[in-house]
Amino acid sequence: MHRQIFTVGDSHSLRCFEQHPHIADSTALFGYNKLDGKTAYNLTRHEKQVRKIRRSLRDKHIIFVFGEVDVRIHIKYKATQTNTPAPVLIRNTADCYTDYVSTLRERGYCIHVFNVIPTGNFSSTPEALRWRKNLRYPFLASRWERTCYTEEMNSRLKENCAEKNIPFIDIYDHLIDHSGLRRKELIYDFSHLNSRTADLVMEHYQFDSEKVPPDQSTETIGDRPRFLSNGQPDQISE
């Protein structure tokens, strides 16, 4: 692999950057997505899997793609289950996510956080209805609520990334139309955007603004970031 930019994340890290000439998904390294379905909130639980991926990408630009799964199901589910306001859950998710990324950047990894993509339409096609029927958890949030969650999550991520010196790839406005919905030409299916998204990243974001740092540390198998508990309820495991 000669490309210098790789994505690491949930299924959107594949679909948004699939077969792109300049950006490759980590699937290209392993033949499958090790982090499909994982949430931004629980990312530290999957440290072993993340470590296996990032060790191959020490000298690359890495785009982390997480958060849509949180927005799609977990925010409304946990708000209903625990009576915790959605804005609190969104803030806690953004904090956990960016704390984890900040820890990895301190170890020398050149990680960029990608904005959460606009939510899909999960009720309009037979494929979407079959997906909903097979869910283990109740699908509670309306499209309007998911859009609000997405925009709030991106606002929190942008703020956190600025505070923690994390590059934030914010092209959300280029992914939506005048009504705030996904641009039709970018739709892959009821949930995902297609790889034209990668073209928009290359058009509106400058990777050269941050050079890939030299390898400054050697991780051991036991390395794990530590975080203080914020006392808020954990989201359900994937």
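When you scan region 2-18, do you find a residue that is of a type in the set (Val, Ile, Thr), touching a helix residue (DSSP H, G or I) at 6+ places or on another chain (Cβ under 7 Å) and in a helix (DSSP H, G or I), even just one? Full working, then the answer.
Initially, region 2-18 is screened for residues of a type in the set (Val, Ile, Thr), giving 5, 7-8.
Next cut, touching a helix residue (DSSP H, G or I) at 6+ places or on another chain (Cβ under 7 Å) only: 5, 7-8.
Imposing the further condition that a residue be in a helix (DSSP H, G or I) reduces the set to none.
No: region 2-18 contains no residue that is of a type in the set (Val, Ile, Thr), touching a helix residue (DSSP H, G or I) at 6+ places or on another chain (Cβ under 7 Å) and in a helix (DSSP H, G or I).
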*Mind checking which residues of region 13-28 are buried (at least 16 other Cβ atoms within 10 Å of the Cβ) and either in contact with a Leu (Cβ under 9 Å, 6 or more places away or on another chain) or under 15 Å from Asp199 (Cβ atoms) (or both)?*
Ser13, Arg15, Cys16, Phe17, Glu18, His20, Ile23, Ala24, Asp25, Ser26, Thr27
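Quick note: the coordinates plus some simple rules give every number you see, no bench work behind them. This one's a predicted model, so the numbers in the text were calculated from it and none came from an experiment. Note that we place each Cβ from the backbone using ideal geometry, even for glycine, and neighbour counts take in every protein chain shown.
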